[in-house]
Amino acid sequence: MADVRPESMERITTPELAKAFIDEQVEAVKKQVGDKKVLLALSGGVDSSVVAALLIKAIGKNLVCVHVNHGLLRKGEPEQVIEVFKNQMDANLIYIDATDRFLDKLAGVAEPEKKRKIIGEEFIRVFEEEARKLQDVDFLAQGTIYPDILESGPVKAHHNVGGLPEDIHFEGLVEPIKLLFKDEVRVIGRELGLPTGMVERQPFPGPGLGVRCTGAITRDRLTALRESDAILREEFAKAGLEGKVWQYFTIVPDYKSVGVKNGLRSFEWPCIIRAVNTKDAMTATIEEIPYALLGKIVSRITSEVPGINRVLYDLTPKPTGTIEWE
Ligand code: XMP
């Protein structure tokens, strides 16, 4: 498949068009790989999940999915990947909990770009190690989409997790959605029967919660971050904001402030809420969240999440702030 989308290619907007695309790609993949094995780093994001579902349809257990938990995933994410792909789709899925390995490597590292570099490189190393253990894997599948091909020069060093292992030779790449835009990938994901929560998932950076647990990551602060993020997502979903706000999450920085909890002085972390809208992530505007909803989220986070005594709402558009804090 060429890297340029032909002008004649129709935008995939309906289940019928999605079905035709799926049928066509299933045949193309079968023809490309025959009865050989294909390896895929399955993060659980929209793109890799759609590629997984498509390849399972085409080649079944000859697709080997590797899900690496780097310890920086959101609450419930690895469980959902296992439930959907292993339990429901009967995929050939290898789950690796590499939490300790990543967090040990990151211990004491406060510099944002250094953190990203460690996470990106360690991910490739873990993935390579697994690939080497497997025998006769000839192809590497990737969830590349058209904007990945078009994009150039991001503000930060985006080390996309799931990069190509450099030391392993593959006969070829399988990139069935590389000419598609995100909205088309979602239509195809729905047609392939992936759960709505997975298909509509907001973007999540490769380094995951690592860029939201600012400074040197500690396990207790990471837990506070994961729990506060889960509360924010739950309350946004209940308020019908899921799918309407482009990206929303919490940040737990590495400093503390004085507060009062249960009549006693507390000295704990703040939690910062970020909720933005954008078209292309190059600029972003702030979402107006109703005060009552913000109040509910503040009350839940400060009472349910150990270590947090204050909640702030980041009102800074991009520019001057980037969407992530690191
Ligand atoms: P910033 O913070 O640069 O983020 O305004 C723009 C968008 O990119 C996401 N992001 C990343 N995505 N790997 C990714 O795959 C990364 O290292 C990374 N850093 C930021 C961010 O979540 C936002 O959607």
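The values are calculated or read from the model by the stated rules, or taken from the named source; none is laboratory data. Worth saying up front: this structure is predicted, and the values here are computed from it rather than measured. Don't worry about glycine lacking a Cβ; one is built from the backbone with ideal geometry, like all the others, and counts go over all protein chains shown. For accessibility, only protein heavy atoms count, side chains too; no ligands or nucleic acids. Shrake-Rupley method; radii C 1.70, N 1.55, O 1.52, S 1.80 Å.
Overview of results
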{"quantity": "With DNA, RNA and ligands ignored, accessible area of ARG186 (1.4 Å probe; Å², nearest 10)", "calculated": "50 Å²"}
{"quantity": "Accessible-area composition of the chain, carbon plus sulfur, in percent [1.4 Å probe]", "calculated": "53 percent"}
{"quantity": "For the stretch 15-199: rounded, prolate or oblate by the Cα gyration tensor [a/c cutoff 1.5]", "calculated": "prolate"}
{"quantity": "Degrees, to the nearest 10: 46-59 long Cα axis against longest axis of the chain", "calculated": "30 degrees"}
{"quantity": "Cα gyration tensor, the stretch 283-326 - rounded (a/c under 1.5), prolate or oblate", "calculated": "oblate"}
{"quantity": "Zone of GLU83's modelled label, taken as backbone nitrogen in the stretch 177-200 under 15 Å from a point 7 Å along Cα→Cβ", "calculated": "194-200"}
{"quantity": "Protection proxy ranking, peptides 219-231, 124-136, average beta carbon neighbours within 10 Å, highest first", "calculated": "219-231, 124-136"}
{"quantity": "Contact order relative to length of the stretch 15-199, as percent, for alpha carbon pairs under 8 angstrom and 6 or more apart", "calculated": "29 percent"}
{"quantity": "Average accessible surface area per residue within the chain, 1.4 Å rolling probe, Å²", "calculated": "48 Å²"}
{"quantity": "Shape of the stretch 96-247, Cα gyration tensor, a/c cut at 1.5", "calculated": "oblate"}
{"quantity": "Debye, to nearest 20: dipole size of the chain, +1 on Lys, Arg Cβ, -1 on Asp, Glu Cβ", "calculated": "1020 debye"}
{"quantity": "Surface accessible to a 1.4 Å probe, TYR95 within the full protein complex, Å²", "calculated": "90 Å²"}
{"quantity": "Degrees separating the helix 291-304 axis from the principal Cα axis of the chain, which is the longest one", "calculated": "80 degrees"}
{"quantity": "Area accessible to solvent at PHE139, 1.4 Å probe radius, in Å²", "calculated": "10 Å²"}
{"quantity": "Crossing angle, helix 219-238 versus the chain [Cα axis fit, 0-90 degrees, rounded to tens]", "calculated": "80 degrees"}
{"quantity": "List TRP325, TRP246, ordered by accessible area with a 1.4 Å probe, largest first", "calculated": "TRP325, TRP246"}
